1. Restricting to segment 114-141, count the residues that are under 23 Å from S41 (Cβ atoms) and either in a strand (DSSP E or B) or open to solvent by 30 Å² or more (accessible area, probe 1.4 Å) (or both).
2. Scan segment 137-145 and give yes if some residue there is in contact with a strand residue (DSSP E or B) (Cβ under 6 Å, 6 or more places away or on another chain), among the polar types (S, T, N, Q), modelled with pLDDT under 85 and within 17 Å of P26 (Cβ to Cβ), otherwise no.
3. Take the residues in segment 2-28 that are at pLDDT 80 or above and open to solvent by less than 80 Å² (accessible area, probe 1.4 Å), then tell me which one is farthest from G98 (Cα to Cα).
Amino acid sequence: QTASTSGTVPSGGEVLDHYEEGTFTPHLFDDDRDISTATYSNRQANYTRIGNRVWFSISWNWNSLGNLTTGDNVKIGGLPFTSSNNPTVSIRHACQIGMIGALSIGVSNAAWFQARVDGGRSDADLTYTTYGSTSFNQQYLKLSDLSGEGVLDISGSYDVA
């Protein structure tokens, strides 16, 4: 079978205007933007950027959360690029959590975990959804919800500013 296209290939220009692969060093931080002095037994992160889109994956195990304020929200900083921000629309880029372990959440009805990169930022919020008999409620994951040792695998993509 033969494939055909109705589009044209740009002449004299790049087919891809930007291609890049690399690694980066993510870090945990809190609402006060304090970077954790957490210690890690494994921390790997890589990205691929094609045009204005970046795909990333992070896999890490921590042994200690370090100096962070335990009541604050958990954020993952150090993403390789700042995400695009449309001033007329609140853009949120969804991410996939593949594994999150060693939680100490006190609610038995935590249904699922999410992560997102908001427009204009280079970090991700971690949230979870709880459910009741008639409603769902999204909550930010707090540092106190994490135990001293844990694992987090996350991947996602977002538009680059």
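1. Qualifying residue count for the region: 3.
2. No, there is no match, as no residue in segment 137-145 is in contact with a strand residue (DSSP E or B) (Cβ under 6 Å, 6 or more places away or on another chain), among the polar types (S, T, N, Q), modelled with pLDDT under 85 and within 17 Å of P26 (Cβ to Cβ).
3. The residue in question is H18.
The values are calculated or read from the model by the stated rules, or taken from the named source; none is laboratory data. All of these numbers come straight from a predicted model, not from anything done at the bench. Every residue, glycine as well, gets a Cβ built from its backbone with ideal geometry; the counts of neighbours run over all protein chains shown. In case anyone asks, the SASA skips ligands and DNA or RNA and just uses the protein heavy atoms, side chains included. Shrake-Rupley method; radii C 1.70, N 1.55, O 1.52, S 1.80 Å.
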